[in-house]
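The values are calculated or read from the model by the stated rules, or taken from the named source; none is laboratory data. For clarity, every value in this text was computed on a predicted model and none was experimentally measured. Here the Cβ is made from the backbone with ideal geometry for all residues, glycine too, and neighbour counts use every protein chain on show. Calculation scope for accessible area: heavy atoms of the full protein, side chains included, ligands and nucleic acids excluded. Shrake-Rupley method; radii C 1.70, N 1.55, O 1.52, S 1.80 Å.
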Amino acid sequence: MADLRIAGFAQGRAKVTILFDGRPVDALEGESIAAALWAAGIRRLRTAPNNGGARGPFCMMGLCQECVVEIDGQVVEACRRTVSDGLKIVSRP
Ligand code: FES
């Protein structure tokens, strides 16, 4: 899969590993959870409660709420939280 990150973003950044629903995902220090998951080809972060449809990052700036996930039992916007090594992220049902 092609690297979808902005050219040069990786330069000088440490690689970290996050866990999404238990699956290890490579990420780069300083990027958002949503960006890291997107770059890894993971688009579905939650399920729409009304029709069961897939939902994932849309605005990437904290407005749409489509990217919400759970971290330590807290609901957070994946586009507004940066990655850290070993961070455990759970998709929303
Ligand atoms: S992508 Fe819209 S709030 Fe995160």
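Side notes on the structure shown:
- Matching residues, the stretch 33-54, being in contact (Cβ under 8 Å) with a residue 12 or more places away in the chain and open to solvent by 20 Å² or more (accessible area, probe 1.4 Å): Ala35, Trp38, Ala40, Gly41, Arg43, Arg44, Arg46, Thr47
- Top-ranked residue in the stretch 39-60 [being hydrophobic (A, V, I, L, M, F, W, C) and at pLDDT below 95; ranked as farthest from Gly8 (Cα to Cα)]: Ala48
- For Arg80, the conditions (1) within 16 Å of the ligand (Cβ to nearest atom); (2) of a type in the set (Lys, Arg); (3) more than 11 Å from the chain's Cα centre (by Cα) all hold with the exception of (3).
- Of the candidates Val69, Val75, Val90, Val16, the single residue that is within 13 Å of the ligand (Cβ to nearest atom) and surrounded by 14 or more Cβ atoms within 10 Å (Cβ to Cβ) is Val69.
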